[in-house]
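Everything on this sheet refers to the single structure shown next.
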Amino acid sequence: MISAVLFDFGGVILSSPFDAFNVYEAEVGLAKDTIRTINATNPDDNAWARFERGDLDPAGFVEVFEREARALGHEVDARRVLDSLRGHVRPEMVEALRRCGERFKTACLTNNFRDPSPGGPAEDRAHEMATIMALFDEVVESSVVGVRKPEPRFYEIACERLGVEPDACVFLDDLGVNLKPARAMGMTTIKVMDPAVALAELEAVVGIPLR
């Protein structure tokens with residue numbers, strides 16, 4: 001029996017940052033998915049991982065990420081990469097979250113960062129984001145807890161906070177690498193590529209209409 005629904009944020013509740021990465025790459029003449037390639041190089045200890053764990057501030061991330069990009073033969077404006085994370089809210093996913101919250105425990109499992117700069121992603125749209133976050137029973141943030149997806153401890157923290165076992169959870173994420181450990185722990189997993197398809201899969205799991 002499912003008793004908890006876990007949502008990734010960027011790429012599930014918000015549109016995928018990978019689309020925004022591709023727009024930036026096209027603008028500056030980088031090959032498509034260059035940013036993803038940089039992020040996938042040394043994925044546990046690179047600038048991206050350290051930033052999401054809270055080990056680097058934004059300025060430190062920019063310096064280290066650009067250095068890593070140069071080592072791979074690319075010139076990248078890391079601040080543009082950060083700007084790409086803002087995304088667009090998917091209203092259909094917010095509605096699904098609201099409906100799930102009426103029947104199940106809910107949590108947001110997000111790899112994120114703290115941006116203290118005025119006008120940065122953490123301040124823009126603050127009211128809108130706060131309204132969405134208030135729909136979750138729990139919010140597990142990598143920059144706060146010091147671990148990140150796909151580290152197993154991240155999922156354990158979510159289950160502990162909700163008071164559920166992994167096999168009572170369904171988890172939605174847009175990255176297979178983040179779903180794999182959750183599935184190994186016993187969670188039902190849904191990969192979000194097309195939101196409409198993902199919502200149909202979620203409806204089948206939880207047994208209630210979400211749209």
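The values are calculated or read from the model by the stated rules, or taken from the named source; none is laboratory data. Only a predicted model underlies this, so the values are computations on that prediction, with no experimental measurement involved. Counting neighbours? That spans all protein chains shown, and the Cβs are built from the backbone with ideal geometry, glycine included. We work out accessible area using only protein heavy atoms, side chains counted, and drop any ligands, DNA or RNA first. Shrake-Rupley method; radii C 1.70, N 1.55, O 1.52, S 1.80 Å.
With the checklist (1) more than 14 Å from the chain's Cα centre (by Cα); (2) of a type outside the set (S, T, N, Q); (3) open to solvent by 20 Å² or more (accessible area, probe 1.4 Å) in hand, flag the one item Cys100 doesn't pass.
The one condition Cys100 does not meet is (3).
Check whether at least one residue in the range 90-109 is in contact with a helix residue (DSSP H, G or I) (Cβ under 6 Å, 6 or more places away or on another chain), hydrophobic (A, V, I, L, M, F, W, C) and over 28 Å from Ile208 (Cα atoms), and report yes or no.
no
Here is a check on your reading of the model: is Arg153 under 21 Å from Arg53 (Cβ atoms), open to solvent by 40 Å² or more (accessible area, probe 1.4 Å) and more than 17 Å from the chain's Cα centre (by Cα)? Explain how you work it out, then say what you get.
Working: under 21 Å from Arg53 (Cβ atoms): yes; open to solvent by 40 Å² or more (accessible area, probe 1.4 Å): yes; more than 17 Å from the chain's Cα centre (by Cα): no.
Taking the combined requirement at face value, the residue does not satisfy it.
Which one of these is at pLDDT below 95 and within 26 Å of Phe18 (Cα to Cα): Arg183, Arg153, Arg125? Show your work before the answer.
Working: Arg183 fails: at pLDDT below 95; Arg153 fails: at pLDDT below 95.
The unique qualifying residue is Arg125.
Just to confirm my filter: which helices (runs of 4 or more DSSP H) fall fully inside the range 1-89 and include at least 1 residues that are in contact with a helix residue (DSSP H, G or I) (Cβ under 8 Å, 6 or more places away or on another chain) and under 26 Å from Met133 (Cα atoms)?
On the way: elements: 17-28, 34-40, 47-52, 58-71, 78-83.
Of the helices (runs of 4 or more DSSP H) lying wholly inside the range 1-89, those with at least 1 residues that are in contact with a helix residue (DSSP H, G or I) (Cβ under 8 Å, 6 or more places away or on another chain) and under 26 Å from Met133 (Cα atoms) span 17-28, 47-52, 58-71, 78-83.
Here is a list of conditions, (1) open to solvent by 60 Å² or more (accessible area, probe 1.4 Å); (2) over 29 Å from Pro195 (Cβ atoms), and Glu68 meets all of them except one; can you say which number that is?
(1)
Collect the residues in the range 75-88 that are open to solvent by less than 40 Å² (accessible area, probe 1.4 Å) and at pLDDT 95 or above, keeping them in residue-number order.
Let us first name the residues in the range 75-88 that are open to solvent by less than 40 Å² (accessible area, probe 1.4 Å), namely 76, 78, 81-82, 84, 87.
The answer is Val76, Ala78.
Kindly evaluate Glu160 against the criterion of being open to solvent by 80 Å² or more (accessible area, probe 1.4 Å) and either acidic (Asp, Glu) or not in a helix (DSSP H, G or I) (or both).
Details: open to solvent by 80 Å² or more (accessible area, probe 1.4 Å): yes; either acidic (Asp, Glu) or not in a helix (DSSP H, G or I) (or both): yes.
So Glu160 passes the test.
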